[in-house]
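Undergrad: Let me begin by handing over the structure; questions about it come next.
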Amino acid sequence: MLSELRVYEFLQEVAGPEAAPGGGTAAALAGAQGAALISMVCRLTLGRKKYAEAAAEMAAALERAETLRQELIELMDRDASAYDGVMAAYKLPKETPQEQAARQAAIQQGLQQAARVPLETLAACVETLELAPAVLARGNPNVISDGGAGVLSAHAGMMAALLNVVINLNAITDALFVATARSEMEALRARGDAARATAWAAVCTHLGL
């Protein structure tokens with residue numbers, strides 16, 4: 001599994017001559033890194049008397065951030081598998097009209113799955129971003145730079161996932177599927193951008209950027 005590789009080994013895989021793992025897997029990794037940094041801020045806030053009033057909020061945010069981190073780790077492997085499914089469909093025989101029809105149906109099915117997975121990654125990155133404003137506002141200010149790094153990482157994951165959704169939607173012929181996915185994608189993007197802006201403003205205010 002890609003998620004179990006050492007960092008060096010994983011980057012070697014990404015830099016290799018195969019198209020997977022690629023941007024979709026990297027998007028999930030960026031999101032998982034963002035969730036991990038939000039978890040870090042929560043853990044470095046909990047148990048400190050100075051921030052006792054925020055303990056319940058931090059505990060809840062920590063639990064959700066850890067769930068999202070695990071989901072995003074799993075999406076790293078799922079994204080690569082989805083791409084492999086599309087490539088397998090393109091390799092199906094196409095000598096007869098029946099084979100051509102079956103191949104085209106398999107390609108479209110594969111493309112839809114290849115769009116769904118980064119859409120899930122996008123959603124998880126957005127949820128991570130939406131945890132950030134409260135965590136950065138009420139968490140330990142000594143690690144706000146780490147929290148800010150988490151915000152940037154989760155937003156990068158969000159945008160990278162969005163690119164992978166779009167490239168697959170552009171090749172899908174089911175108009176209803178495309179319209180539904182685009183609507184969901186744009187709604188998620190708006191939420192993520194709003195959360196990122198709020199969280200980043202807190203970072204800039206605190207650090208004097």
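Any read-out appearing in this document is the output of simple, stated calculations on the displayed coordinates, not a laboratory observation. Everything numeric in this text was worked out from a predicted model, so none of it was measured. Counting neighbours? That spans all protein chains shown, and the Cβs are built from the backbone with ideal geometry, glycine included.
Undergrad: Just to be sure, is Glu71 buried (at least 17 other Cβ atoms within 10 Å of the Cβ), over 21 Å from Thr173 (Cβ atoms) and without any contact (Cβ under 8 Å) to a residue 60 or more places away in the chain?
TA: yes
Undergrad: Could you say whether any residue in region 127-139 is crowded, with 20+ Cβ neighbours inside 10 Å and either in a loop (DSSP other than H, G, I, E, B) or at positive phi (or both)?
TA: Checking region 127-139: at least one residue is crowded, with 20+ Cβ neighbours inside 10 Å and either in a loop (DSSP other than H, G, I, E, B) or at positive phi (or both).
Undergrad: Just the residues that are touching a helix residue (DSSP H, G or I) at 6+ places or on another chain (Cβ under 8 Å) and not in a helix (DSSP H, G or I), please, taken from region 10-29.
TA: Residues satisfying the conditions are Ala19, Ala20, Pro21, Gly22.
Undergrad: Additional query: Please determine whether any residue of region 41-48 is out of contact with any Cys (no Cβ under 6 Å at 6 or more places or on another chain), in a helix (DSSP H, G or I), within 19 Å of Ala199 (Cβ to Cβ) and among the β-branched types (Val, Ile, Thr).
TA: The answer is yes; a qualifying residue exists.
Undergrad: Taking Asn168 and the conditions (1) farther than 30 Å from His206 by Cβ; (2) of a type in the set (S, T, N, Q); (3) buried (at least 20 other Cβ atoms within 10 Å of the Cβ); (4) in contact with a Ser or Thr (Cβ under 9 Å, 6 or more places away or on another chain), which numbered condition does it fall short on, given that it satisfies the others?
TA: For Asn168, the exception is condition (4).
Undergrad: In region 79-137, what residues are in contact with a Pro (Cβ under 7 Å, 6 or more places away or on another chain) and closer than 30 Å to Thr198 by Cα?
TA: Correct list: Asp79 only.
Undergrad: Can you say whether Met87 is over 18 Å from the mean Cα position of the chain (by Cα) and touching a residue at least 60 places away in the same chain (Cβ under 8 Å), as far as the supplied structure shows?
TA: So Met87 passes the test.
Undergrad: Condition first: in contact (Cβ under 8 Å) with a residue 60 or more places away in the chain and either closer than 16 Å to Val143 by Cα or in a loop (DSSP other than H, G, I, E, B) (or both). Can you find one or more residues in region 53-60 that meet it?
TA: Looking for residues that are in contact (Cβ under 8 Å) with a residue 60 or more places away in the chain and either closer than 16 Å to Val143 by Cα or in a loop (DSSP other than H, G, I, E, B) (or both), one finds at least one in region 53-60, hence yes.
Undergrad: Can you spot a residue in region 66-78 that is more than 16 Å from the chain's Cα centre (by Cα) and not aliphatic (A, V, I, L, M)?
TA: Checked against the condition, which is being more than 16 Å from the chain's Cα centre (by Cα) and not aliphatic (A, V, I, L, M), region 66-78 yields no hits at all.
Undergrad: Across region 15-51, what is the total count of residues that are farther than 30 Å from Gly139 by Cα, aliphatic (A, V, I, L, M) and crowded, with 17+ Cβ neighbours inside 10 Å?
TA: Counting residues in region 15-51 that are farther than 30 Å from Gly139 by Cα, aliphatic (A, V, I, L, M) and crowded, with 17+ Cβ neighbours inside 10 Å gives 1.
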